[in-house]
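Trainee: Would you mind keeping the following structure in view while I ask a few things?
Where a number appears in this text, it was derived from the coordinates with a stated rule and is not lab data. Note that the structure is predicted; figures quoted are calculated from it, not measured. Here Cβ is always computed from backbone atoms with ideal geometry, including for glycine, and neighbour counts include all displayed protein chains.
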Amino acid sequence: MLKPDWIAVDWGTSNMRAWAMSASGSIMDEVRSDKGMGDLTPDQFEGALRDACADWNLTVPIIACGMVGARQGWVEAAYAAVPCPATPNGFTQPDSALDVHIIPGLMQADPADVMRGEETQIAGFLAMNKDWDGVICLPGTHTKWAHISADEVVSFQTYMTGDLFAAIGEHTVLRHSVQTDDWDADAFDAGVTDAMARPERIATRLFSLRAEGLVNNMTNATARARLSGLLIGAELAGAKPYWMGQQIAVIGAGNLTSLYVRALALQSAPATQVKGDAITLAGLTAAYRRLKG
């Protein structure tokens, strides 16, 4: 049986990842499970963790982040109010035989906002980039923009751009226009530029994608890319007070993160793209060190 010094867990809505860690921060082993928060009741989390990590000694500290600490998760981990460090004090422990410590999410009172899981990525980025000030963008279904200063999250904003893209592309008349895996990079750029110039016209620009297909034979690849560009452009227009003139890091993996970097570059706002997995583990490591004092 593997004997780690501690265990890091990133537990989301759809899946869970765990790493067996040494005291120095080296990865000894890694496991993945499809038992995400969305499929579990509170009394099933411990069993799911034991099953996933069956080959490890589980008598060590376990640091967990993500939706495991949501109201519908293992136990609700209270939010810490910004401004605060990305890894604030106040871990929450579920009623369990295991030594589990869940990282708190972050909250903002006005305008009201919350994040859970992204704070650990922010903490990991700051641990790897000492004395970094600027704005961190975390693309996803609910994209976060966080203002960082003096190693604290000062404020943040959430944009439901990913949800909007899915809802519009699957449940409106545009579903006939954007169902394809092909892509038109120039159409994406045009959508970003259009939305940045006139964000108040986004609703009519969206319907024009359907009309362009019927009247001018716009391809689905062009329509899909332009839809993405319009929505990300509208988000950048709204978030402009955050990123304009700031140092920018975009944390994540895959094409979505690259699209944000590309869209920002169109606004002459260069951004550094950072892989999410390594950053998450660095944040969990920072939390473990805080726990150990």
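Trainee: Return the sequence-ordered ³J(HN,Hα) values of segment 41-57 in whole Hz as given by the Karplus equation 6.51 cos²θ - 1.76 cosθ + 1.60 applied to θ = phi - 60°, using x for Gly and Pro.
Mentor: So the Karplus estimates, Gly and Pro as x, are 8, x, 7, 9, 5, 4, x, 5, 5, 4, 5, 5, 10, 4, 8, 10, 6 Hz.
Trainee: Ok, one more. Could you please state, rounded to a whole Å, how far the C-alpha centre of segment 105-147 is from the C-alpha centre of segment 1-24?
Mentor: Here the two parts' Cα centres lie 22 Å apart.
Trainee: Between Val173 and Val215, what is the label-point separation in nm under the 7 Å Cα-to-beta-carbon projection?
Mentor: For the pair Val215/Val173, the computed spacing is 1.2 nm.
Trainee: Could you tell me the relative contact order of the chain? Use alpha-carbon pairs under 8 Å, at least six residues apart, and round to a whole percent. Let's see the in-between values first.
Mentor: Values: 595 pairs, mean separation 45.6, N = 293.
Taking the mean separation of contacting Cα pairs over the length of the chain, I get 16 percent.
Trainee: Report the chymotrypsin sites (Phe, Trp or Tyr not before Pro) located in segment 147-251 that are in a DSSP loop and have at most 13 other Cβ atoms inside 10 Å of their Cβ, or state none.
Mentor: Within segment 147-251, no chymotrypsin sites (Phe, Trp or Tyr not before Pro) qualify (loop, at most 13 other Cβ atoms within 10 Å).
Trainee: So who's got an amide H within less than 5 Å of the one on Met28, skipping anything under 5 residues away but keeping other chains? H placed 1.01 Å off N, in plane.
Mentor: For Met28, whose amide H was placed from the backbone, the distant partners under 5 Å are Ala20, Met21, Ser22.
Trainee: Same structure again: Which residue, Ala271, Ala54, Ala97, has the most motion in a Gaussian network model of the chain that connects Cα atoms within less than 10 Å?
Mentor: Between Ala271, Ala54, Ala97, it is Ala97 that shows the largest mean-square fluctuation.
Trainee: Still on this structure: Where the centre of each part is set by its Cα atoms, how far does segment 161-183 sit from segment 39-104, in angstrom?
Mentor: Centre-to-centre (Cα) distance: 35 Å.
Trainee: Can you tell me the orientation of helix 276-292 relative to the chain, as the angle in degrees between its alpha-carbon axis and the longest Cα principal axis, to the nearest 10?
Mentor: 30 degrees
Trainee: In degrees between 0 and 90, to the nearest 10, how far off the longest principal axis of the chain does helix 220-243 point, with axes built from Cα atoms?
Mentor: Around 70 degrees separate the two axes.
Trainee: Treating cross-link reach as a plain straight distance, find the lysines whose alpha-carbon is under 29 Å from the alpha-carbon of Lys240, omitting any fewer than eight places away in the same chain.
Mentor: Hits, sequence-local ones excluded: Lys130, Lys144, Lys275.
Trainee: Running a GNM on the chain with Cα contacts under 10 Å, which residue among Ala190, Ala167, Ala234 ends up with the highest mean-square fluctuation?
Mentor: Maximum fluctuation in the GNM of the chain, among the listed residues, is at Ala167.
Trainee: Enter the angle in degrees (range 0 to 90, nearest 10) between the Cα long axis of helix 202-216 and the first principal axis of the Cα atoms of the chain, meaning the one along which they spread out most.
Mentor: That helix lies at roughly 60 degrees to the long axis.
Trainee: State whether segment 164-216 is rounded, prolate or oblate according to the following rule on the C-alpha gyration tensor (a ≥ b ≥ c being the square roots of its eigenvalues): a/c under 1.5 gives rounded; otherwise a/b larger than b/c gives prolate, and the remaining case gives oblate. Before the final figure, lay out the partial values.
Mentor: Numbers: a/c = 1.44, a/b = 1.27, b/c = 1.14.
The shape class here is rounded.
Trainee: Continuing with this model, one more query. Could you derive backbone 3J(HN,Hα) for segment 185-190 from the dihedral phi with the Karplus parameters 6.51, -1.76 and 1.60 (θ = phi - 60°), listing whole Hz in sequence and x where the residue is Gly or Pro?
Mentor: Values, residue by residue: 4, 5, 5, 4, 4, 5 Hz.
Trainee: Only bridges whose two residues both fall in the chain count here: according to DSSP, what percent of them are antiparallel, nearest 5? Provide the component values of the computation, followed by the final result.
Mentor: Working: 31 of 49 bridges.
Counting only bridges with both partners in the chain, antiparallel ones make up about 65 percent.
Trainee: For segment 6-116, what is the percent of antiparallel DSSP beta bridges, rounded to the nearest 5?
Mentor: Working: 17 of 27 bridges.
The antiparallel fraction comes to roughly 65 percent.
Trainee: Sticking with this one: Could you work out the relative contact order of segment 6-116, using alpha carbon pairs under 8 angstrom and six or more residues apart, expressed as a whole percent? It would help to have the intermediate numbers written out before the result.
Mentor: Working: 224 pairs, mean separation 25.4, N = 111.
Contact order relative to length: 23 percent.
Trainee: Here is a further query. Which is the longest run of the chain containing none of the trypsin sites (Lys or Arg not before Pro) found in DSSP loop states (not H, G, I, E, B) with at most 13 other C-beta atoms within 10 Å? Each step should come with its number before you reach the end.
Mentor: Values: sites that count: Arg71, Lys130, Lys275.
The reported range is 131-274.
Trainee: Further question on the same structure: For the chain, with a Gaussian network of springs between Cα atoms less than 10 Å apart, report the residue from Val154, Val192, Val215 with the top mean-square fluctuation.
Mentor: Answer for the Gaussian network model of the chain: Val215.
Trainee: Same structure, new question: Please list the non-local residues whose amide H lies under 5 Å from the amide H of Asp184, H modeled 1.01 Å from N, same-chain partners needing a gap of 5 or more.
Mentor: HN-HN under 5 Å from Asp184: Ala225.
Trainee: What is the chain by shape, rounded, prolate or oblate, if you read a ≥ b ≥ c off the alpha carbon gyration tensor as root eigenvalues and call it rounded for a/c under 1.5, prolate for a/b larger than b/c, and oblate otherwise? Display every interim value, and only then the final one.
Mentor: Working: a/c = 2.31, a/b = 1.74, b/c = 1.32.
It is prolate, given that a/c is not under 1.5 and a/b is the larger ratio.
Trainee: State, as an integer percentage, the relative contact order of segment 159-274 based on alpha-carbon contacts under 8 Å between residues 6 or more apart.
Mentor: 28 percent
Trainee: Amide H of Gln273: which non-local residues (sequence gap of 5 or more, or other chain) have their own amide H closer than 5 Å, using H built in the peptide plane?
Mentor: Val250
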